[in-house]
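These notes are about the structure you will find just below.
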Amino acid sequence: MNDALVQVREVHKVYHRGSERIDVLDGLSLEVPEGEFLALMGPSGSGKTTLLNLIGGLDTPSAGEIVVGRSSLGTLSSASLASWRAGHVGFIFQFYNLLPVLSAEANVELPLLLTRLGRSDRRQRVATALEIVGLSDRAKHYPRQLSGGQEQRVGIARALVTDPTLLLCDEPTGDLDRVSAEEILDLLEELSREHGKTIIMVTHDPAAAARASRVLHLDKGRLSRESGT
Amino acid sequence: MRPLRLLHQVGVVTQLSLRTIPQRLAPVLVAIVGMAGVVGVFVAVLSIAEGFRDTMDSAGSAEVAMVMRAGSDTEMSSFLRGEDARLVADAPGVAHDARGALSSAELFVVVDLPKKGSGTPANVPLRGVQEAAFRVHGKPRMIEGRIFERGRNELIAGAAAAAQFDGLDVGTTITWNGNPWTVVGVFTADSGLAEGELWCDLRVLQGLYRRGNSVQSVTVRLDSPEAFEAFKSALHDDPRLNVKALRASDYYAQQSQALVAIITGLGYLVALMMAVGAVFGALNTMYSAVASRAREIAILRALGFSALAVVVSVLVEAFLIGLVGGITGGLGAYLLFNGYQAATLNFQSFSQVVFTFAVTSSLVQQGIACALLMGLAGGLFPAVRAARLPVATALRGL
């Protein structure tokens, strides 16, 4: 039995723009063992983010199969996929994607509202997640009152709060200054090393990729090379 | 998905969407105002019909009966001889008091009076009644001046008529067909039909209009509502009479039917046309709401909220916009129009009927129900669009 957490098998993703056919992913296969911190690099349009969205169940492949844990994503209905995402995947986005009308703690609490946890349990989990990212003192602040680095930490806390096995990060440092970016990467490394999270991170930044345990390069929808760090 | 979990998700997503309303206040207000306008007009127009019907309904009670010539649909086309009136007064079932039978033979003519404000001449009913009329009709009460004296060219004006038409102040003399009339009093009739009429002595009216001893109708008060059938049978079975008897309440209900149907039809037509516009307004609002919330919706979807919860939450918001619009419109119509007095031509009697707009709770409920339907109609397509938003694109494209 394969012990990889993520298995991507011969996945194709095709978009059509008018009569033009665009093969974003072209028969790509990939395995990510549990606990690995993997970086995906490649030029714009190479299919990195598309691959990340497919693994996270935000999009569906044109062909091929994606298995995460015991779930073959292609067999799940839209509603089941949403429920699966809520329980198994944490997303971290380049532009944080926090809801501006909610405070930091309310943003972090959002995924927990999909669980059966009571209010006090939810508060406890939110407090823990904010503590892990070092933002306990900013819990009541709204996104507009936070710096970019702090917003991204809230985004990470939101991704962590349900204790998912898999963290998918799309350019998590792409909108941050060097110091904030280093802090976020430290945090991701810690999550991988000390909390055993499996992390797949899309990045353009070689310095960010250098923090990962393995780096895969994509080009024109295929894996072009692999490098360890 | 289990209904309770869906409900919980809908609650969360709806709460979020409502919290973003201050950021998109203008289109939301436009939709609310649009719906309030539709409901306001709808309720206001139907309140005319409602008020007219109320006025006509309250004109007759179940214990009061009217007698006209057989085959006549209105008093205008009826003719009864003086002997007929006496036979009717003697019929079984007619109530009596110390002064005799509660029966009033009545003659109904139409006179001209200018409407207050516009000065437009209007047909106003002048009713010649017998002494028992006040006890027969039950409701009339003098509120100013005195009752007319028998045998004199004096009249009393219903309060609504005095409010709507010029020349009805107590003490004023009016001339019709060369005959001077003095207004000697004003009476109320619980906002019923009589309030829009002028009353005078039957004998005087018969003389001035050369009607001999003929009348058009006889109104009687019965011993009880149940006495009507016996009263009616007695009249129909009497070979000396060729009359028909009907309850006053039924007669006035029939009289209001045509006008109520027209006003109601007009109300629905106007409201329908406006509603189409308001639905487009709601559509526009909800489409722009979905567009401006595309990222938020995508984030929620990415976090695991279901598409169905998003659909329902958009519908709930549209529903709430409809509710607020409906309540605003209904309340506005109530404050602006309830109790507003107007006069219109009842073409079944060719005379003016004075009535007040009646914004009833049932009308307001109908208006709110319309607004909710408009909200749902306006929210449906945007809700479906929200559910179909490609999550990955929305997350990156903004």
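On C-alpha positions alone, give me the angle between the axis of helix A:78-88 and the longest principal axis of chain A, in degrees, nearest 10. Result, in degrees: 60. Each 5 Å bin from zero up to the one holding the largest Cα-Cα distance in the range B:248-360 carries the following percent of pairs: 2, 9, 11, 16, 13, 10, 9, 8, 7, 5, 4, 3, 2, 1, 0.
Give me the mean projected area, in nm² to one decimal, of the convex hull enclosing the Cα positions of the protein assembly as shown. Don't skip to the answer; put the middle values down first.
On the way: hull surface 165.2 nm².
Answer in nm², one decimal: 41.3.
Straight-line cross-link partners of A:K13 among the aspartates and glutamates, defined as a Cα under 20 Å from its Cα and at least 8 positions apart when in the same chain: A:D23, A:D26, A:E31, A:D59, A:E65, A:D170, A:D219.
Take every Cα pair under 8 Å whose residues are at least 6 apart in sequence, average their separation, divide by the length of chain B, and the relative contact order is 29 percent. Taking square-rooted eigenvalues a ≥ b ≥ c of the alpha carbon gyration tensor, is the range A:78-150 rounded, prolate or oblate, where a/c under 1.5 means rounded and, failing that, a/b exceeding b/c means prolate? In terms of gyration-tensor shape, oblate. Charge dipole (Cα centre; +1 on Lys/Arg Cβ, -1 on Asp/Glu Cβ; no other charges) of chain B amounts to roughly 2000 debye.
Convert 4 °C to kelvin, take the viscosity as 1.567 mPa s, use the Kirkwood radius over C-alpha pairs of the range A:12-113 as Rh, and evaluate the Stokes-Einstein diffusion coefficient in µm²/s, rounded to a whole number.
82
Helix A:119-132 axis versus longest C-alpha principal axis of chain A: approximately 70°, rounded to the nearest ten.
Taking every pair of alpha-carbon atoms in the range B:15-161, give the share separated by more than 18 Å as a whole percent. Display every interim value, and only then the final one.
Numbers: 7923 of 10731 pairs.
So the pairs more than 18 Å apart make up 74 percent of the total in the range B:15-161.
When +1 charges are put on Lys and Arg Cβ atoms and -1 charges on Asp and Glu Cβ atoms, the dipole computed for chain A relative to its Cα centre reaches about 600 debye.
Counting only complete DSSP H runs, which helices of chain B cover 30 Å or more along their long axis at the Cα atoms and score a mean Kyte-Doolittle of 1.0 or above?
Numbers: long enough: B:25-57 (45 Å, 1.60); B:248-292 (62 Å, 1.04); B:307-337 (44 Å, 2.09); B:361-388 (40 Å, 1.04).
Counting only whole DSSP H runs, the qualifying helices are B:25-57, B:248-292, B:307-337, B:361-388.
Projecting the Cα atoms of B:A101, B:V204, B:P125 onto the dipole axis of chain B, where Lys and Arg carry +1 and Asp and Glu carry -1 at the beta carbon, places B:P125 farthest toward the positive end. Just want to confirm a number: the relative contact order over chain A, from Cα pairs under 8 angstrom separated by 6+ residues, in percent. About 29 percent, as a whole number.
At a temperature of 4 °C and a viscosity of 1.567 mPa s, determine how fast the range B:71-241 diffuses translationally according to Stokes-Einstein, using the Kirkwood radius over alpha-carbon pairs as Rh; express D in µm²/s, rounded to the nearest whole number. Let's see the in-between values first.
On the way: Rh = 16.7 Å.
So the translational diffusion coefficient is about 77 µm²/s.
The fraction of all Cα pairs in chain A landing in successive 10 Å bins from 0 to the largest distance is 8, 33, 36, 19, 4, 0, given as whole percents. Per residue of chain A, the DSSP helices (runs of n ≥ 4 H) give a summed -39500 (n - 2.57) that works out to -9500 deg cm²/dmol at 222 nm.
The relative contact order of the range B:71-241, computed from alpha carbon pairs under 8 Å that lie at least 6 residues apart in sequence, is 32 percent. When the accessible areas of A alone and B alone are added and the area of the pair subtracted, with a 1.4 Å probe, the result is around 2200 Å², both sides summed.
Can you check how the C-alpha radius of gyration of chain B compares to 2.2 N^0.38 Å, as a plain ratio?
Details: Rg = 29.8 Å, N = 398, 2.2 N^0.38 = 21.4 Å.
Compactness ratio reported: 1.39.
Accessible area per residue for the range B:143-231, computed on protein heavy atoms with a 1.4 Å probe, is 40 Å². When the alpha-carbon atoms of the range A:125-189 are used, the pair Rg, Dmax equals 11.2, 30 angstrom.
The values are calculated or read from the model by the stated rules, or taken from the named source; none is laboratory data. Here the structure is a predicted model, which is why all the values come from computation and not from measurement. Note that each Cβ is placed from the backbone with ideal geometry, even for glycine, and that neighbours are counted across all protein chains shown. What goes into the accessible areas is simple: the full protein's heavy atoms, side chains included, and nothing from ligands, DNA or RNA. Shrake-Rupley method; radii C 1.70, N 1.55, O 1.52, S 1.80 Å.
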